[in-house]
Structure formats: structure tokens, C-alpha cells
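These notes are about the structure you will find just below.
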Amino acid sequence: MLPPRTKLLLTTFHQLHCERHAVQAVILAIISFLVCIYLYAEQAKDSSSAGARTPAEQIAETIKSLIDEKVPLYDQAPFDLIILDAANNHAVLKVAPLALPDRKLPQPLPKTGYLDLELFDEPGERYRLPWRNIVEIRLFERLLIEKATQLIREKRFGEAYDYLDHLSQLYPKAEGLSEVQQLFLHEEAVDALTSKTFDRAYANLLNLYRLNPQYPGLADHLSQAAEGLILRYLEASDYASARGVVDSLAQLTPQHPLVQRWQKVWQQQAEDLRTQIEAALASGQPRQADRLLRQLRQIWPALTGLPELSNRVQEAYPRLRVAVTLPAISFDPNSLTDWAARRSGRLLYRSLLEYVAPGGEGGVYQSQIIDWKIEELGRHLVFQLRPDRPPFHASGSVYTTYDLAHQLLAMVDPVDQNFTSEWSVLLNRVRMVSPDVVIVELRHAHVRPEGLLRWIPTPGWNLTGTGEALTPENGPFTRSKEESDDKTAVYLRTHSGQQAPGLLEIEEIAFSRGRDAIRALKQGNVDMIDRVNPWELHLLENDASISIASYRVPLVHMLVPNFSRPLPANRDFRRAMLYAIDRPRILKAILNQRNLPGCQVVSGPLPVGRRFDDPLGHGYDTQIAPRPYQPSLALALADLAYRQTVEIAKNRGLPVPARKKLILVHPPHEIAREACSQIKRQWQLIGWETTLVELHPGSPDLPSDFDFLYVEAAVWDPITDLARCFALIRRSQFFPTQVDAALSQLGQAVDWPDASSRLKTLHRRIYEDTTVLPLWQLTDYYAFRKGIQGIETERATLYQNVELWTLSDSGR
């Protein structure tokens, strides 16, 4: 509320309209004169009662009472403040934002005429105030700037940033904004230098330089921040980032002493390394030359003549750098659920039988260990060891018929870690008929027994526990433990793997972001990406130096329930969670709204193939449509299932499950992360809060309290792979018996039509029970620089024929 005497200064808007008539204007002037006399008399009275307060103190106290200190000023409705003269007792009017051209105040303030305004507390009521009674006007943006300045002085930079961000968006032309922005950048940088947070200080000072190169003290602080940041990067051997600091500074001040000094240091180091590389090549040490070349590229990639030197080193020591989306922590070329183990395991191990592609009747297999054939109407398997089979690295010994027979028999021993129930039902007898031949007699024929023999050959002495604890390697490469860490893995070619001129080393470099891997591929820092995110394929499609290819067989993505937990063990609850996922929408987001071959929503954990005639989909029942997205039905089913679970828990004296809280575990890469983030949001829409937990699929530390596990399954030969896949989750008494029975009957198929029928029956059982929550089938892509020979053919896994890869000059 305004003091009565101040209100007398304001004439209502309908009174102002009367100015059109001269007589009324004269009357208004007389009234204003009388009001001024009255106010002067009132001011004299107030002067004696004002005490010792100065006008400035009085104004400050009034302004403080008009602003709500509990709410940030930028979150309050905008207003302006008008400070009146002494004749009005320095009253402060809180008004709606004034309609000023470009929000600029006239300078100086006029002494004649009137200012139209609207009191903040009286919206819609227009007033007019004589300019001569206005001492000062403080616009809302100025109040924001003053508050931001106060916060900067108090080193409350986070709060100050919020004010500056608001000003930049809504009042970019506010007077004094540039100055307070510069103050913020400088003061926060100085504070960061004190705490040795050089990256933040350097970034602020670079921005300050762009705004005002002459800012007091900027030059010294910029040098201090740059030097500290460079030294920190060099301590971590991160030369690229250190060069980035120098390059960014050089763009602003090319002649800066720090720029000149560090460029000279690195150029000299590069020349010294060039000399060492030449010496290593001359002395027949190509690997040492390659190591030195890596250092040179890190320190000074702009060295004159570096491409020619690189070609000479490459010719002497072919090495491939592969960007991987997930580093390997375990190695199994036949893993169904671990992308990294399946990829890198192929470097360390050769399987007895290796899946290479889908065929007309199950998978197509090859082997570098044995030759095999099927006789006696499918009841005899004849294995003959190949004379050129690779030896085991550690011992130099080769795989023998004794080893093969021992391993075949170990698979039927229930106490053995390699026990396979399907093989135990099938195997009748194993006979060694010669030093190189083993015959396996089966109880009955199997449509694709090769699918049961995808395991790593192991010497018999290792199976008995008298040898190494780890599976002996027999692959074309071995992992250099000394040169590998959690981000980089170095694989060196073994003598047994050197069957022909080819790669001598493969270095896998883990990238947490696909865009960073793509940037590295384009810049030539890596030669290949093992898995390109589908939504980023377009970033590579127009690059003539890079080829993109799809893997021959897709993966089936699904959520696997934890049957030992009461809610996931409830069929209605599993069905509810599936109805709550808008799978087509998530898949379109992953594909960047594109239609890619082999990518589609599925109704079961079987591959549907990439085309309608793809033999990979022989077990998928196309008559079973995926369940639609129905959140209302999901909400009702989930509530019903929860009530059922609570009642069962109470009847059995068990703990009641947490209400509407779930744990979803997923692999730590971007595809799974994006999918699970969207699943989490969609489950939240029906009231279920979900905690996402990232866990490497090769980790043995799967928590027991998870509810669902995101799995990317390589179900490439469903007649054998489905049983292996469900063996990973069939660990509870609540596993559905009808699904278990259908699984056990797969191995009894007598021919491929029968196998297809049994698979489709299993598909139907899984669909009805919602044993797993099928999401989609996804075709994955890899990318490589042109010039890598031998990788042009389709492949199931990246390193499928890595022994034959070679590099040409254009591949670097």
C-alpha cells in the first residue's frame, strides 16, 4: 500500500484522458500544484520524525521490504522500482515492468511530462506520475544484475550463474550485463586457480578473453591456468589434451610465450623420437619402432614426413587399432550374452566348432581343430584331428584324441563344470579308433549336434585339475597383460597364429561414447569400430574413406526376470511390465527413426531373421504378434499381481516385497543404457519406480536382489542355443514347467520340419507364460577404414577370420 500523500500524485488513467480538453488540463495543473504544497507541508512534518535515518538508508530498507528474499529474484514475477524525491518522503513504488523502448531509460530522466505506470499490487489500474518527482528508476534486470554481483563477491558462483543465465536468456541487452559476466568469469577463475582446478579456470579465462582481452590481470591468470592444465595432462600422458590447451590459446594469441615454448619442446621431442624409430627399423626391431611411433603420434602428430614414416613402420609391423564399445573382462568366443567376451575371446581361443553363419538347416560351422562327418543316419559322429591344428600356447602341445574323448565324457558328468544336460541325454559311447580319430555314438540322431560342440578345446590334464587354473589359450593372439588395462587391451600374434602374412598386433581401445569412437575413426586414430550405435550410422555414411557393414546374424534383446524374486516370478506381473513398454517407440528412437533390415519388435526370444526367407527364423512363429503397448491394462495387472504377491507372502510368513520399486540390471554400453532409460520412464508412468544398475555381462557379481536383467542374446542356432540361454536363468522352483518341458523336447526332433514345429511350440509356451519379456531383434553394424583386406565378407563375430586380415597403405 502507498502512503496517502503519494497516492495523490497519481492520476487515474480515465483522468488522463481528459487532457484532450484544455480546460481540464488547466484544472489538473492546479490540482498538481496544490498537491505539491500539501506534500511539502507533510514532508516538513515527517522530517522531524525521521530520526537519524539517511534517505539512502530509508530507501534501502523500503526496497528490502518490497522484495521476497525467500525466493530467488529470477523466479519472482518481474517488476520495476520507482524512487520518488524528498518531497514524497523518498517513497518507493513497486510497479509492473514499464513499457520502455528496448527497456532503456531516458538519460537523463525528463523533468516535464508524465510517466504511465501500473502498480504491481493493482494490476489493470493505470496511473500517471509526473517525471519531476522521480529521482531514480531501477529496472528488474538491474536488480538481477545487482543481486548477481553481490553473489559473485560472496563467492556463491553457482547461485550467481543462475542469475546470469536468466539474464542472458530474457534480458540479453541489459545495461551492465557484459560487465557482470566478465566479473563472474574472472572471479570464479581466480577461485579455481586457488583450488588448482585448472580446467575450470582455463575455460573461464578463455571465455573472458573473448569478451574483453584487456581485462585487468587476465594475461597473468590465463598463463597460470594454461601452464597448470598442461602439466596435469602431461602427468597423465594425455598429450592430445595438452596440445588442445596450447592450440586453443594459439587461436587467441599465436605469439603467446607459453604457446611458443611448448610447441618448441614437443617438436624437439618428436624429432628425437624420429631418430630412435629410424634406428629401431635399421636394427630389425619393428615392434620397438611401432611403440616409438605411437609416442610420436601422441606428442606431435603434425611432424613433417610422419605419414611416410608411419607407412614404413606399418609395413614392418602391421598393427590394428579397434575402438570397442565394451571392454572384455572375460573371454569366451561362444558366449550367448556377453558381446565383449564373444568378440575378444575369438582372438585367444579357437573353438572345437565355430559358428560362422546361418544355413538352410541350422548353423554353418567350421573348425581349425578337427574335420568331422555324420554317419549311420545321424547316430555316429566321426572326428579326425587336423594335422595343422594349433598348439596350446603355454605348453606347446597339441590337442589329442585323449583330450577330445575326455572332454566329450566330462560333458555328461553332473558334477563337472562343463556338464550339459542335452549332451548327457544324447551321448551313448565314445571310442578312440586311432591316434587321430574319435567316434561318438549317439542314442538317437540330432538335427544339429554341432551346436552342442561349440566349446574351447582343453587338455585332459587341465580337466583333471592338475594343470593351469585357466583354460589354456590356443588362439591366433595372446593378451599382453603388461600393456593392457581396463581401457586398453593389447593382443600379440602368436607363432602358431602366423599362418600367413597378416596382423602382428591388435589394440582394443574402449570408448564409453560412440561419438568419441566415430571421431577417432574419422581422424585416423583407430582403424575400426566393433559396434556402431544405430542412431549414429549417418555420421559415417558419407565418408568415402570408411566402410560400414552389418553382422550376419542379429541379437535378440529381452528382459530376463529373476524367478527367485516374488514379483518377477508372478506371471501377471511379468505380463503387466511388458504391456507397459512401448517397444516400437523405443526401437524407433534407437534406430533414429529409420527402418534397418533385421530390426523389429519380437514376440519371443528367437531370431526372426533379416528377411522373410532368412533360414535363421525357421523356429520363429510369425503368427504370434508382439503384445501391444497398453499402459492402462499394465496398471491394472501390476496392481493385481502385487496384491496377490503380498497375500502369498503373508500366508507363508515371508517378507512383503517393496511396493512399486524395481531393480533393472543392464550392460554398461549406450544401446542398453538408452533402452533401459526409456523403459524406466515408461514403467514410472504406471507408478513403478525403477533403479538402473550397470553391470558388465561378464561380471560374476550379479546382485541377488535384481528384478529384471537386460540381455542381448546370440540365439543363432535356436535348436541348441535356447536350452543354453535358459540354463542361465532356470535356477528357481518357480520356473514354468510347461516351458521346461518344451525345452527338453527340442533335442528329440527327428528332422528339420519337426525341429521347426517344436521351436514354434516353445515360442508359444514362452509367449503365454511371458517367461521372458522379449523386446526386439537388432542387427548390429561395424565400421572400418578402407584398406583392411579380408574383412569384406559377412561375419557373425568381428574377428571371425582375423588370421587372414592384412593392411594396405590406404588402411592407415
| remark: Quick count over segment 355-408, residues being part of a strand (DSSP E or B) and of a type in the set (V, I, T), is 5
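Pick from E505, E483, E536, E541: which is closer than 19 Å to S808 by Cα and either free of Cβ contacts under 8 Å to residues at least 12 places away in the same chain or open to solvent by less than 40 Å² (accessible area, probe 1.4 Å) (or both)?
It is E505.
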| query | N428 passes all but one of (1) at pLDDT below 90; (2) outside any loop (DSSP other than H, G, I, E, B); which number fails? | reply | (1)
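Just to confirm my filter: which helices (runs of 4 or more DSSP H) fall fully inside segment 551-661 and include at least 2 residues that are at pLDDT below 95 and not basic (K, R)?
Values: elements: 571-579, 583-590, 631-652.
The helices (runs of 4 or more DSSP H) meeting that bar are 631-652.
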| Where S808 falls short, out of the listed (1) open to solvent by less than 40 Å² (accessible area, probe 1.4 Å); (2) modelled with pLDDT under 90; (3) within 28 Å of L664 (Cβ to Cβ); (4) polar (S, T, N, Q) | (3)
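Name the residue that is most open to solvent (accessible area, probe 1.4 Å), counting only residues in segment 413-425 that are within 22 Å of I369 (Cα to Cα) and assigned to a loop (DSSP other than H, G, I, E, B).
Of the residues in segment 413-425, the ones within 22 Å of I369 (Cα to Cα) are 418-420, 423.
Checking the rest, the ones that are also assigned to a loop (DSSP other than H, G, I, E, B) come to 418-420.
Values: N418: 58, F419: 76, T420: 34 Å².
Among residues in segment 413-425 that are within 22 Å of I369 (Cα to Cα) and assigned to a loop (DSSP other than H, G, I, E, B), the one most open to solvent (accessible area, probe 1.4 Å) is F419.
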| field | Evaluation of Y579 against (1) touching a strand residue (DSSP E or B) at 6+ places or on another chain (Cβ under 9 Å); (2) closer than 30 Å to R643 by Cβ (one fails), failing number | value | (1)
| request: Please state which one of T797, T779 is of a type outside the set (A, V, I, L, M, F, W, C), under 33 Å from the mean Cα position of the chain (by Cα), under 28 Å from K588 (Cα atoms) and buried (at least 19 other Cβ atoms within 10 Å of the Cβ). | output: T797
| remark: Being over 22 Å from L804 (Cα atoms) and more than 31 Å from the chain's Cα centre (by Cα) narrows T494, T471, T488 down to just T471
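Got at least one residue in segment 696-716 being within 13 Å of P605 (Cα to Cα) and small (G, A, S)?
In the first step, residues of segment 696-716 are kept if they are within 13 Å of P605 (Cα to Cα); the result is 710-716.
The next check asks that each one be small (G, A, S); those that pass are 713-714.
Yes, there is a match, as at least one residue in segment 696-716 is within 13 Å of P605 (Cα to Cα) and small (G, A, S).
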| note | Residue hits (segment 330-388; touching a helix residue (DSSP H, G or I) at 6+ places or on another chain (Cβ under 8 Å), open to solvent by less than 20 Å² (accessible area, probe 1.4 Å) and of a type in the set (A, V, I, L, M, F, W, C)) are L336, L347, L352, L353, I370, L381, F383, L385
| Single unsatisfied condition, V433 versus (1) touching a residue at least 24 places away in the same chain (Cβ under 8 Å); (2) closer than 14 Å to F383 by Cα; (3) surrounded by fewer than 18 Cβ atoms within 10 Å (Cβ to Cβ); (4) not small (G, A, S) | (1)
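Pull up segment 271-286, narrow it to residues that are touching a helix residue (DSSP H, G or I) at 6+ places or on another chain (Cβ under 7 Å) and not hydrophobic (A, V, I, L, M, F, W, C), then point me to the one that is least open to solvent (accessible area, probe 1.4 Å). Break it down stepwise before answering.
Taking segment 271-286 first, the residues touching a helix residue (DSSP H, G or I) at 6+ places or on another chain (Cβ under 7 Å) are 273-274, 276-277, 280-281, 286.
So of that shortlist, the ones also not hydrophobic (A, V, I, L, M, F, W, C) come out as 274, 276, 286.
Numbers: R274: 58, Q276: 90, P286: 42 Å².
Out of the qualifying residues, it is P286.
Residues that are more than 29 Å from H669 (Cβ to Cβ) and open to solvent by less than 10 Å² (accessible area, probe 1.4 Å): does segment 745-754 have at least one?
In the first step, residues of segment 745-754 are kept if they are more than 29 Å from H669 (Cβ to Cβ); the result is 745-754.
Applying the additional criterion that residues be open to solvent by less than 10 Å² (accessible area, probe 1.4 Å) yields 746, 749.
Yes - at least one qualifying residue is present in segment 745-754.
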| remark: Looking across segment 683-724 at residues that are surrounded by fewer than 16 Cβ atoms within 10 Å (Cβ to Cβ) and in contact (Cβ under 8 Å) with a residue 60 or more places away in the chain, the single one that is farthest from P568 (Cα to Cα) is S699
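What do you reckon, is I529 at pLDDT 95 or above, hydrophobic (A, V, I, L, M, F, W, C), open to solvent by less than 10 Å² (accessible area, probe 1.4 Å) and not in a loop (DSSP other than H, G, I, E, B)? Please lay out each step first, then the result.
Details: at pLDDT 95 or above: yes; hydrophobic (A, V, I, L, M, F, W, C): yes; open to solvent by less than 10 Å² (accessible area, probe 1.4 Å): yes; not in a loop (DSSP other than H, G, I, E, B): yes.
In short, yes.
Is it true that L117 is more than 19 Å from H166 (Cβ to Cβ), of a type in the set (A, V, I, L, M) and over 49 Å from the mean Cα position of the chain (by Cα)?
Yes, satisfied.
Test R261 against the criterion of being open to solvent by 40 Å² or more (accessible area, probe 1.4 Å), outside any loop (DSSP other than H, G, I, E, B), basic (K, R) and touching a helix residue (DSSP H, G or I) at 6+ places or on another chain (Cβ under 8 Å), and give yes or no.
Values: open to solvent by 40 Å² or more (accessible area, probe 1.4 Å): yes; outside any loop (DSSP other than H, G, I, E, B): yes; basic (K, R): yes; touching a helix residue (DSSP H, G or I) at 6+ places or on another chain (Cβ under 8 Å): no.
So R261 fails the test.
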| task | May I ask you to list the residues in segment 439-480 that are open to solvent by 20 Å² or more (accessible area, probe 1.4 Å) and modelled with pLDDT under 90? | result | W461, N462, L463, T464, G465, T466, G467, E468, A469, L470, T471
| Tally of residues being open to solvent by 50 Å² or more (accessible area, probe 1.4 Å) and in contact (Cβ under 8 Å) with a residue 12 or more places away in the chain across segment 214-238 | 4
| If only one of V556, V532 is farther than 19 Å from I624 by Cβ and hydrophobic (A, V, I, L, M, F, W, C), which one is it? | V532
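The values are calculated or read from the model by the stated rules, or taken from the named source; none is laboratory data. No experiment lies behind these values; they were computed from the predicted model shown. All Cβ positions, glycine included, derive from the backbone under ideal geometry; neighbour counts span all protein chains shown. Note: areas computed on protein heavy atoms with side chains; ligands, DNA, RNA excluded. Shrake-Rupley method; radii C 1.70, N 1.55, O 1.52, S 1.80 Å.
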